[in-house]
Structures are given as structure tokens and as C-alpha cells.
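Enquirer: Quick one: the structure is below, and I'll ask about it shortly.
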Amino acid sequence: MSIVVVGTVAFDTVETPFGRGEHVLGGSATYFSTAASFFTDVSLVAVVGDDFPEEHVIFLKSRNIDTTGLQRNPGKTFRWSGRYGFDLNEAQTLDTQLNVLMDFQPDLPEAYRDAEYLFLANIDPDLQMNVLEQVRKPKLVACDTMNFWISSKPDALRKVLQKVDIVVINEGEARQITGEANLVKAARQIIALGCKRLVVKRGEYGVLMFTAESVFAAPAYPLEEVFDPTGAGDTFAGGFMGYLANTGDLSEEGLRQAIVFGSVMASYNVEDFSLNRMKRLDYHEIQTRFRSFKGLTNFKDISY
Ligand code: AMP
């Protein structure tokens, strides 16, 4: 099954203790769709300006991503710049320039409207809702967001959170949305808004998946070299949703496997700047690391 994703396609300028990438390809939809494309067909809904180089579109197409829904409007492409200190878990945003995003009116191609899987990646929550309303009968809808939208559009965001099946956010965002420091309590509050599941990304500490009755924890892969965490969250979501769309298995077991595939994809993405690692990743490597994840948490049960 294919996935429709709406999000940003961006130029990022990123500084980490290990280097700097200037004006590199980024954006929530770019990372998401690239990761998901290893598992399933992806259709992209986003906007870029007339400054966006064709080589990036060629790259997306080379991953078999349907770019019919990628609008090219007059003006400048969305730009984000951020910095990471030695604690690579949280980016400090230095600048956000919405540019063509300000007047973006998503108009889904007819073929996208029957999508069964929909991911509302990090973008203006009004645009997330607009796209959600255009998809007729999705089987699974998930969304992400970030501090920028939590503080600038809290009401619009709340409406989105009430409408989706799965919310995929990082721990800082879960705390910011609820004003609750304890993550388990924050998770309960977000689930109480109406979604069935909450996936909380915790950087190098892994991922927690909550329902009203259960918690599942997966570690992050212990890496010796992390160059650039930008896009790790979107890449995680792409692997997670991509695997779900590929198998159609929405059981607890299937969702847990999807969490690990998401974690595998994110672990590769942080090994290089921008989408460079994704560009040279192959499916065999994904399978190998999935098995290493299994080994990480495999232990013998106690005998009574
Ligand atoms: P992540 O590291 O997975 O949380 O996402 C990083 C990506 O999010 C970068 O490539 C940015 O271009 C994009 N981004 C940054 N700020 C925003 C924003 N306010 N809305 C949408 N996307 C953003």
C-alpha cells in the first residue's frame, strides 16, 4: 500500500560539533519519504520555491517517490537553520524562514485522495488538517509536529491531534504540549485527546510507544559515530509508517516491528549529513541492523 505524506521540503543549514552543512537538502517530508521509500510507494505533498534545484527532485524520483503533489511556486523555498551541541538530542533552532510555505494551498492529485496511509509530517497544523480533509477514507493517519507550531498554533494543532490515530513526537514536544514534566503522565494526557497511540522519540535513548493500556520500549542503536541528527525523527517515522504500509499489519506485534524498522532507519540517517547516508543505503543493511536490534534487547526470562 502507498503512503501520502505532507510536510516540508527545505534548505537546511546545520552545525554540529563535527561539521557544518550549508543550504543542504532537508525538510520533514524529504526525510520521511526517502526513508519510507525503502518499504513502499510514497506520494509527496509539499511546496518548494523557484530556487529549488532540479537535482533534488531527480533524487526523490530516483527513490520512486511520486512528486506530482510537489508544487513549485514563485518565491524562496522554506529554510531552517539549527545547531547541535555535544548533546545531539535536541536542536537549537537559529532561524526559520517559511517563505513559500506561507501561501501554500495543498491540492491533492486525485490519485492521492484514496490513500490508505497518511502521514502529516511536521508542517503548519492548518496545512496538516487541510490535507487530512482531502483524503477520503484513510486506514491509518499519523502526525508529527515541533515546538515552533506548538507555540505558534496551539489550537490548530490540538484539532489535528484529536483526529489522528498515532501521534509521533519527541519527548520535549510531549512535555511542551501538555505542560507535564513526567513523560508517562504527558503520554496519558495526549492519548486522552483522542489518538489511540503515542510514539515518543527520545534521541539516543530510543523510543516509547504508548496506548491507554500498554507501553513498549525500544533502544536507539548504540553508534560510535553520530554526525548529524537532523531528520532522525522524520526518518524514524518514514521507516515506521513505511513498514506498516508494506505489511498492512496493524497488530501490536506489527507495530512493535515497525518501531524497530523506524529506529534502524534513524540510526543510519545520523551517520552522515543531510540525506547522504540514505543515498547510499541498501535493504540488506536495513535487515542486518534490524537483527542487531533484536540482539540488543534479547535476554533470558527468569525461571520460577
Ligand atoms: P527532525 O530532526 O526529524 O525533527 O526534523 C528536521 C527537519 O525538520 C529539517 O530538515 C527541517 O528542514 C525541518 N523543519 C525545521 N523546522 C520546521 C518547521 N517549523 N516546520 C516544518 N519543518 C521544519
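The values are calculated or read from the model by the stated rules, or taken from the named source; none is laboratory data. This one's a predicted model, so the numbers in the text were calculated from it and none came from an experiment. Here the Cβ is made from the backbone with ideal geometry for all residues, glycine too, and neighbour counts use every protein chain on show. The area values use the complete protein model at the heavy-atom level, side chains included, leaving out ligands, DNA and RNA. Shrake-Rupley method; radii C 1.70, N 1.55, O 1.52, S 1.80 Å.
Enquirer: Name the residues in region 292-304 that are surrounded by 11 or more Cβ atoms within 10 Å (Cβ to Cβ) and out of contact with any helix residue (DSSP H, G or I) (no Cβ under 9 Å at 6 or more places or on another chain), would you?
Expert: Leu296, Thr297
Enquirer: Hey, another quick one. Exactly one condition in (1) closer than 25 Å to Val167 by Cα; (2) within 14 Å of the ligand (Cβ to nearest atom); (3) open to solvent by 50 Å² or more (accessible area, probe 1.4 Å) is false for Gln105; which is it?
Expert: (2)
Enquirer: Could you say which residue among Ala121, Ala91 is touching a Gly at 6+ places or on another chain (Cβ under 6 Å), open to solvent by 30 Å² or more (accessible area, probe 1.4 Å), in contact (Cβ under 8 Å) with a residue 40 or more places away in the chain and within 14 Å of the ligand (Cβ to nearest atom)?
Expert: Working: Ala121 fails: open to solvent by 30 Å² or more (accessible area, probe 1.4 Å).
When all the criteria are applied, what remains is Ala91.
Enquirer: Hey, any hits in region 153-171 for a residue that's within 13 Å of Ile259 (Cβ to Cβ), modelled with pLDDT of 95 or more and not basic (Lys, Arg)? Steps first, please.
Expert: So the first thing to find is which residues in region 153-171 are within 13 Å of Ile259 (Cβ to Cβ), and the list is 166, 168.
Retained after the next criterion (residues that are modelled with pLDDT of 95 or more): 166, 168.
Cutting the leftovers down to not basic (Lys, Arg) gives us 166, 168.
There is at least one residue in region 153-171 that is within 13 Å of Ile259 (Cβ to Cβ), modelled with pLDDT of 95 or more and not basic (Lys, Arg).
Enquirer: Only one of Met241, Met209 is within 30 Å of Thr93 (Cα to Cα), touching a residue at least 40 places away in the same chain (Cβ under 8 Å) and assigned to a strand (DSSP E or B). Can you tell me which? Write out each step before concluding.
Expert: Working: Met241 fails: assigned to a strand (DSSP E or B).
Just one listed residue meets the conditions, Met209.
Enquirer: Still on this model: With respect to His56, is the statement that it is more than 10 Å from the ligand (Cβ to nearest atom), open to solvent by less than 50 Å² (accessible area, probe 1.4 Å), more than 18 Å from the chain's Cα centre (by Cα) and under 27 Å from Val226 (Cβ atoms) true? It would help to see each step written out before you state the result.
Expert: Numbers: more than 10 Å from the ligand (Cβ to nearest atom): yes; open to solvent by less than 50 Å² (accessible area, probe 1.4 Å): yes; more than 18 Å from the chain's Cα centre (by Cα): yes; under 27 Å from Val226 (Cβ atoms): yes.
The answer is yes for His56.
Enquirer: Still on this structure: Restricted to region 225-235, and to residues that are of a type in the set (Val, Ile, Thr) and in a loop (DSSP other than H, G, I, E, B), which residue is farthest from the ligand (Cβ to nearest atom)? It would help to see each step written out before you state the result.
Expert: Kept after step one, since they are of a type in the set (Val, Ile, Thr), are these residues of region 225-235: 226, 230, 235.
Still in the list and also in a loop (DSSP other than H, G, I, E, B): 226, 230.
Details: Val226: 13, Thr230: 5 Å.
Restricting to residues being of a type in the set (Val, Ile, Thr) and in a loop (DSSP other than H, G, I, E, B), the top hit is Val226.
Enquirer: Just to confirm my filter: which strands (runs of 3 or more DSSP E) fall fully inside region 1-62 and include at least 1 residues that are farther than 23 Å from Asn147 by Cβ?
Expert: Working: elements: 3-6, 10-16, 19-26, 42-48.
Ranges flagged: 3-6, 19-26, 42-48.
Enquirer: So Phe86 ticks every box in (1) touching a residue at least 40 places away in the same chain (Cβ under 8 Å); (2) within 16 Å of the ligand (Cβ to nearest atom); (3) open to solvent by 10 Å² or more (accessible area, probe 1.4 Å); (4) within 22 Å of Ala232 (Cα to Cα) but one. Which box is left unticked?
Expert: Only one criterion in (1) touching a residue at least 40 places away in the same chain (Cβ under 8 Å); (2) within 16 Å of the ligand (Cβ to nearest atom); (3) open to solvent by 10 Å² or more (accessible area, probe 1.4 Å); (4) within 22 Å of Ala232 (Cα to Cα) is unmet by Phe86, namely (2).
Enquirer: Taking region 200-210 on its own, how many of its residues are modelled with pLDDT of 95 or more and buried (at least 20 other Cβ atoms within 10 Å of the Cβ)?
Expert: Result for region 200-210: 6.
Enquirer: Of the residues Gly242, Gly238, only one is more than 14 Å from the ligand (Cβ to nearest atom), in contact with a strand residue (DSSP E or B) (Cβ under 9 Å, 6 or more places away or on another chain) and within 17 Å of Leu44 (Cβ to Cβ); which? First the steps, then the outcome.
Expert: Numbers: Gly238 fails: more than 14 Å from the ligand (Cβ to nearest atom).
Answer to the selection: Gly242.
Enquirer: Under 7 Å between Cβ atoms, at least 6 apart or on separate chains: pull out the pairs that start in region 172-191 with a residue that is over 17 Å from Val160 (Cβ atoms) and end on any residue that is at pLDDT below 95 and open to solvent by 70 Å² or more (accessible area, probe 1.4 Å).
Expert: Gly172/Glu90
Enquirer: Pull up region 228-254, narrow it to residues that are open to solvent by 10 Å² or more (accessible area, probe 1.4 Å) and among the charged types (D, E, K, R), then point me to the one that is farthest from Lys201 (Cα to Cα).
Expert: Asp249
Enquirer: Just to be sure before I move on: is Glu213 open to solvent by 70 Å² or more (accessible area, probe 1.4 Å) and under 27 Å from Asn276 (Cα atoms) in the structure I sent? Steps first, please.
Expert: Values: open to solvent by 70 Å² or more (accessible area, probe 1.4 Å): yes; under 27 Å from Asn276 (Cα atoms): no.
Considered against the rule, which asks whether it is open to solvent by 70 Å² or more (accessible area, probe 1.4 Å) and under 27 Å from Asn276 (Cα atoms), Glu213 comes out as no.
Enquirer: Could you run through region 245-258 and say how many residues are in contact (Cβ under 8 Å) with a residue 60 or more places away in the chain and either within 16 Å of the ligand (Cβ to nearest atom) or small (Gly, Ala, Ser) (or both)?
Expert: Residues in region 245-258 being in contact (Cβ under 8 Å) with a residue 60 or more places away in the chain and either within 16 Å of the ligand (Cβ to nearest atom) or small (Gly, Ala, Ser) (or both): 2 in total.
Residue by residue, here is whether (1) over 20 Å from Val6 (Cα atoms); (2) assigned to a loop (DSSP other than H, G, I, E, B); (3) open to solvent by 40 Å² or more (accessible area, probe 1.4 Å); (4) away from the ligand (no atom under 13 Å from the Cβ) holds:
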residue	(1), (2), (3), (4)
Gln128	no, no, no, no
Glu133	no, no, yes, yes
Trp149	no, no, no, no
Leu157	no, no, no, no
Arg175	yes, no, yes, yes
Ala181	yes, yes, yes, yes
Lys185	yes, no, yes, yes
Leu198	no, no, no, yes
Leu223	yes, yes, yes, yes
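Enquirer: Looking for something within 22 Å of Glu225 (Cβ to Cβ), among the hydroxyl-bearing types (Ser, Thr, Tyr) and crowded, with 23+ Cβ neighbours inside 10 Å - is there at least one such residue anywhere in region 256-265?
Expert: Among the residues of region 256-265, at least one is within 22 Å of Glu225 (Cβ to Cβ), among the hydroxyl-bearing types (Ser, Thr, Tyr) and crowded, with 23+ Cβ neighbours inside 10 Å, which makes the answer yes.
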